[in-house]
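Data first, discussion second: the structure below is written as structure tokens.
The values are calculated or read from the model by the stated rules, or taken from the named source; none is laboratory data. Small disclaimer: the values here were computed from a predicted structure and weren't measured. All Cβ positions, glycine included, derive from the backbone under ideal geometry; neighbour counts span all protein chains shown.
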Amino acid sequence: MIENTKDTDLILPVVVVGHVDHGKSTLLGRLLFETDCLPEGKIDSIKAMVNRRSTQFEWSFVMDAFKAERDQGVTIDTTQIELRTQDRDYLLIDAPGHEQFLKNMITGAANAAAALLVIDVVEGVRDQTHRHAYLLKLLSVQEVVVIVNKMDLVDHAQKPFEDVARQIRSYLEELDIQCQTVIPVTARDGDNLVVLSERMSWYRGSTVVKALEALSPASLLIDKPLRLPVQDIYHFDSRRIVVGRIESGRLKVGDEVSFSPTGKVATITGLEQWNAARKISAGAGESVALTLDRELFIERGQIIHSMNAPHVTHDLTVRLIWLARTPLELGAKLQVKFMTSTHQVTIAAIKAVIDLEELTFSAAERVQQNTVAEVVLHSRTPFAVDSVDELAPTARGVLFDTFNVVGGCVALNLPTSSDSRNIYPTGHRISVEQRVLANGHKSGVLWFTGLSGSGKSTLAMALEQELFKRGWQAYVLDGDNVRDRLNRDLGFSPDDRSENIRRVAEVARLLADSGNIVITAFISPYQVDRERAREIAPGAFHEIYIKAGVQVCEDRDPKGLYAKARRGEISEFTGVDAPYEAPEQADLVIDTENKSVEECLEMLASYVDDAFAYVPSGRKHVA
């Protein structure tokens, strides 16, 4: 076995693709044997299996992990294995070649930096070869080594090899993919894998191993702009720890970083490690846990960056391959995942479908299975992505229909600015202080949350009336009133509920900026949505928990909604078949289960006095 003395951070992921039966798994199995990278006893265990099954020994058995693959001779799933040479370590990814398993091939190629494209010298360049080559282009795999296999079937002759080499070089050139070299091999016998074959004395180019060693190093991503997709946020002791994998660039303690798409900024105060000394810096390929100098509301899917921010847009042009049997049509609703962020999207336009053989574009009303097309995705939540030509890792996406993978895509044609909408907010000429002096009170948002029937609307309207009597500027945003007009396009799914709360929070912020005390009465069942609302109106947000148990609210049932939900007439109703996450640290708790309306209103009025009353300097405030 070769002793591994190299830096494992520089391991190069290489996907191996090609038409079914063109010999990918055989190539890899024999290559691992020739480089002495097989685990001890692996060949003996395969030979024992062959004897038990009374079948012929195949080098592909080294790679084919599933019994179904050995029985059918087809690679179904991607298999990953390390290859070590004197100069570098590789992660070889054996991807399926059969048309039915294209989604697995996309999964295998998604994180590859380079590719080996295997072609049978007898069968030559096939439709599936075109499709695989285009998928490499789609996923921004920049370098390809072409392996023309099974040279023994043409008596190792030069002309058949040159015919195939000419065809594939021409196609890759049209795709603007760098073809590093084309190598004739007989994978089964090991010809031209590690040592040049005497049976093909006319060929004196690179061996497969030498071609791999000539590929560009994986470490080049370290020199790209920082991209760290947030995977999760952990609360440990008193710390909030942000975790994720650095896809490109580098960072260190003391760096100021930003979060897209929110634009929030913080400074890195620590790189945490479990049971180890703290690190000072980290780079592409490393998983990290960050602490920051301030508490921010950060969500999974946001992108941490320094200079050169990713693009932020609601309408994204992508090039995709459609894998579902049902054609993709205009207006279809799907989910797309870029790194750790998932978006609900609508197909806003089908710009063109692409002929993979002729590389021509044509108009279409739908996209058929295994077809490549350019479409526009529209999302209510902003994308934070890069163009595939700029930075491939954050440009690659996967399309889902519920939980089924239906396609892969890359982001194209992104605007040059970080916000594609060309929006430039205009500053007001009236300051916050001037509004306070004119109104005689401060402004802000009182966010009432609680179950349906807890008394939110009743108390909100009563408080509004009380403040109006004082001459204060106050206005109620009530759930039913807002959904009747502004948010009538939204349903009650978790995603629609989140969008409902986001819009309300933005409206509440605008009204509060105008000097109003805004009272919102919304169930707002999810803690994360209320935290997002707090971030939209920082410093002016007051969370008021209108507390009453489900049974009490159901007994009241002022709108008859619980009864309808119990009969199945309303689905996803909070408290019946949808959850309510009670506030953990509300600014004020109003217990309507045990207090009268008058007592609750008195508590609210007292809180408003303390929070919003304006006391001129030199005077004492009396509640």
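At-a-glance table
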{"quantity": "Which numbered condition ALA505 misses (of (1) closer than 23 Å to VAL576 by Cα; (2) at pLDDT 90 or above)", "calculated": "(1)"}
{"quantity": "Residue under evaluation ARG240, criteria (1) surrounded by fewer than 21 Cβ atoms within 10 Å (Cβ to Cβ); (2) at pLDDT 90 or above, criterion not met", "calculated": "(2)"}
{"quantity": "Subset of the range 203-221 (residues that are touching a strand residue (DSSP E or B) at 6+ places or on another chain (Cβ under 8 Å) and either on the phi > 0 side of the Ramachandran plot or crowded, with 18+ Cβ neighbours inside 10 Å (or both))", "calculated": "TYR203, SER206, THR207, VAL208, ALA211, LEU212, LEU215, ALA218, LEU221"}
{"quantity": "Residue within the range 389-398 that is under 30 Å from ILE501 (Cα atoms) and touching a helix residue (DSSP H, G or I) at 6+ places or on another chain (Cβ under 7 Å) present", "calculated": "no"}
{"quantity": "Residue match in the range 548-561 (condition: at pLDDT below 90 and over 27 Å from THR262 (Cβ atoms))", "calculated": "yes"}
{"quantity": "Answer from ILE536, ILE590, ILE570 - the residue that is at pLDDT 95 or above, among the aliphatic types (A, V, I, L, M) and either buried (at least 18 other Cβ atoms within 10 Å of the Cβ) or more than 16 Å from LYS456 (Cα to Cα) (or both)", "calculated": "ILE590"}
{"quantity": "Identity of the residue in the range 488-513, polar (S, T, N, Q) and touching an Asp or Glu at 6+ places or on another chain (Cβ under 8 Å), that ends up surrounded by the fewest Cβ atoms within 10 Å (Cβ to Cβ)", "calculated": "SER493"}
{"quantity": "Enumeration of residues in the range 263-314 that are of a type in the set (Phe, Trp, Tyr) and more than 13 Å from ILE241 (Cβ to Cβ)", "calculated": "PHE297"}
{"quantity": "Single match in PRO327, PRO261 (criterion: surrounded by fewer than 16 Cβ atoms within 10 Å (Cβ to Cβ) and within 30 Å of ALA373 (Cα to Cα))", "calculated": "PRO327"}
{"quantity": "Index of the failed condition, VAL353 passing every other in (1) of a type outside the set (D, E, K, R); (2) in a loop (DSSP other than H, G, I, E, B); (3) without any contact (Cβ under 8 Å) to a residue 60 or more places away in the chain", "calculated": "(2)"}
{"quantity": "Some residue of the range 158-180 being in a loop (DSSP other than H, G, I, E, B) and in contact (Cβ under 8 Å) with a residue 60 or more places away in the chain", "calculated": "yes"}
{"quantity": "Only one of VAL410, VAL398, VAL376 that is at pLDDT 90 or above, buried (at least 17 other Cβ atoms within 10 Å of the Cβ) and assigned to a strand (DSSP E or B)", "calculated": "VAL376"}
{"quantity": "Segments classed as helices (runs of 4 or more DSSP H), wholly inside the range 488-568, with at least 2 members that are among the β-branched types (Val, Ile, Thr) and out of contact with any Lys or Arg (no Cβ under 9 Å at 6 or more places or on another chain)", "calculated": "494-513, 550-556"}
